[in-house]
Amino acid sequence: MVSRAMAGDATAFAALTVAYRPGVRRSIAKIISSREVGEDIEQETFLTAFRSLPHLRAPEKFAGWLFAIARNHALRAAAGERFQSQRRVDPAVLESIPATPLPTDDWISGRVQSLPDEVRIPAVLHYLEGWPVAKISESMAVQVTTVKWRLHRARQLLRTLCEEQEHHA
């Protein structure tokens, strides 16, 4: 089946996807706790495998190769989870956050850490660590437009949290 998929048989690759999906899912779940992020990584894994399949040298090693792709994608995504909320952030870096009253650095750092994984990981890397969008895109193996959309969504969520704080103040 792997050889047929390597030769461009999409049906064979679809069958491999069905056969290996549970194992890929378990492999990712060992590293990523968020189901949503895990599903994104699962899709990225199979997309990467499909694109890279012509370069696979040993078809008999397909399973190990596929699981390595899944682990690498999951580890890249998990890299953002390791950053601690103790990091200080310049509030001006967070675009479109209401300026008055301006939340404290600790408040912003804590709220960034509370965002859903899908938007938190790029937000931490970009706003707290200063990574450029292109580097985040490469490390997470997603398109630049996806990273930009996730950063936009993170800003929307943070803006809402700031407005809620302003109303409660």
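Read-outs throughout are calculated quantities, based only on the coordinates presented, and are distinct from any laboratory measurement. Note that the coordinates shown come from a computational prediction; the quantities given were computed from them, not determined experimentally. Cβ: placed from backbone, ideal geometry, glycine included. Neighbour counts: every protein chain shown.
For the pair Glu129 and Arg51, label points projected 7 Å from Cα toward Cβ lie 2.0 nm apart.
Exposure proxy shown here: for Leu75, Leu161, the number of other Cβ atoms within 10 Å sets the order, fewest to most, as Leu75, Leu161. Ordered by the count of other Cβ atoms within 10 Å of each Cβ, fewest first, Ser27, Ser52 give Ser52, Ser27.
Tell me, rounded to the nearest percent, the portion of alpha carbon pairs in the stretch 2-81 spaced more than 17 Å apart. Counting pairs separated by more than 17 Å, the tail of P(r) holds 40 percent. Label-to-label distance, Ala58 versus Arg153, with points set 7 angstrom from Cα along the beta-carbon direction: 3.9 nm. For Trp149, what is the net charge nearby, where nearby means another residue's Cβ is under 13 Å from its Cβ and Lys, Arg count +1, Asp, Glu -1? The answer is +2.
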